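Peer 1: Have a look at this one before I ask anything.
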Amino acid sequence: MTLKTLIVDDEALARSRLRTLLRDCRSPAAEVVAEAAQGAEAQQHLENMALDLVLLDVHMPGIDGIEVARALRGRTDAPAVVFVTAHAAHAVTAFDLDAVDYLTKPVRAERLQQALQKVERFLKERRALQADALQESVLIQDRGRAERVPLSEVLYLKSEYKYLTVRTATRSHILDGSLNEFEERYPARFLRVHRNALVARSAIRALEKYDDGEDAEGWALRLDAIPEPVAVSRRQLAAVREVLKEAR
């Protein structure tokens, strides 16, 4: 594996030193495909390039490294983050943001190589988990036609009468099944938000006040990729808030 790498540091000499050290790294090797001197520039590269690794300084003018890393959280295609900074005080914050490693300046060659090995293991494990997730699916049968919908695409499931509505970003499917079965089998994937609804934890965007015509003090979740809100019962409100708190 050759790691496609973005170096982010407001000091040109620091970027140059990392570039030099990376040339001597092997197993895995790293290829510097872009550099950035500030957070906003780094974010542009992250939006427009396929990257494996970001070597990220913390203190920079404007958007700092912590903000850049925070914006990457939750992205399934996000590169691994390794902080490179002269300030060890931010180590706890860095790992709270799911950083793979934390290097202090001046960076030693052997320590950088260790960080690259951690990144390689992290990326391989994540890709294996994503492959497993894609293999999990629900079988939808409709008018004599059978279709497998990957669970990774399911945004919510709602119980309506004797059936479940299975909602993806593009379609709604009808399934003969029970919410309890999905909740018990996939607790890390789906969250109970109402007696008749489960939502994908990864799709949750925001919790907001919601007037459904019956309860003006109600609450609902906004999910990625779809316009309709999903009502949250008062009984499940505390659990939903806890999940949102952990995701920050």
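Peer 1: Translational diffusion coefficient, Stokes-Einstein: compute it for the chain using the Kirkwood radius over C-alpha pairs as Rh, at 25 °C and 0.890 mPa s, and state it as an integer in µm² s⁻¹.
Peer 2: For these conditions, the coefficient is 120 µm²/s.
Peer 1: Rounded to whole Å, give me the distance from the Cα center of segment 168-188 to that of segment 23-63.
Peer 2: So the separation of the two Cα centres works out to 39 Å.
Peer 1: So for HIS194, HIS173, fewest C-beta neighbours within 10 Å to most, what's the order?
Peer 2: Final ranking by Cβ density, sparse to dense: HIS173, HIS194.
Peer 1: Could you go through segment 35-48 in sequence order and give the Karplus-derived ³J(HN,Hα) for each residue, using 6.51 cos²θ - 1.76 cosθ + 1.60 with θ = phi - 60°, rounded to whole Hz, and x for Gly and Pro?
Peer 2: 9, 9, 9, 7, x, 4, 5, 4, 4, 5, 4, 5, 7, 10
Peer 1: Rank the residues LEU6, LEU221 as a footprinting-exposure proxy: fewest other Cβ atoms within 10 Å of their Cβ go first.
Peer 2: Ordered from fewest to most neighbouring Cβ atoms within 10 Å, LEU6, LEU221 come out as LEU6, LEU221.
Peer 1: Ok, one more. Around PRO227, under 12 Å between beta carbons, what's the net of Lys plus Arg minus Asp minus Glu among the other residues?
Peer 2: Computed value for this residue: +1.
Peer 1: Fewest Cβ neighbours within 10 Å first, please rank THR85, THR168 accordingly.
Peer 2: The fewest-first ordering by Cβ neighbours comes to THR168, THR85.
Peer 1: Next question. Considering only the chain, what is the antiparallel percent among its DSSP beta bridges, to the nearest 5?
Peer 2: Among the beta bridges of the chain, antiparallel pairing accounts for roughly 60 percent.
Peer 1: Now for a different question. Compute, for the chain, the length of the dipole vector about the Cα centre, with Cβ point charges of +1 (Lys, Arg) and -1 (Asp, Glu) only. Units Debye, rounded to 20.
Peer 2: 520
Peer 1: Over all directions, how big on average is the projection of the convex hull of the alpha-carbon atoms in segment 2-133, in square nanometres?
Peer 2: Over all viewing directions, segment 2-133 projects a mean Cα-hull area of 7.3 nm².
Peer 1: Also: ARG167: net charge of surrounding residues, Cβ under 9 Å, Lys/Arg +1, Asp/Glu -1, itself excluded?
Peer 2: My count for the surroundings of ARG167 gives +1.
Every number here is computed from the coordinates shown, using simple stated rules; none is lab data. The structure displayed is predicted, hence computed values, not measured ones. No Cβ is skipped: glycine too gets one built from the backbone with ideal geometry, and neighbour counts run over all protein chains shown.
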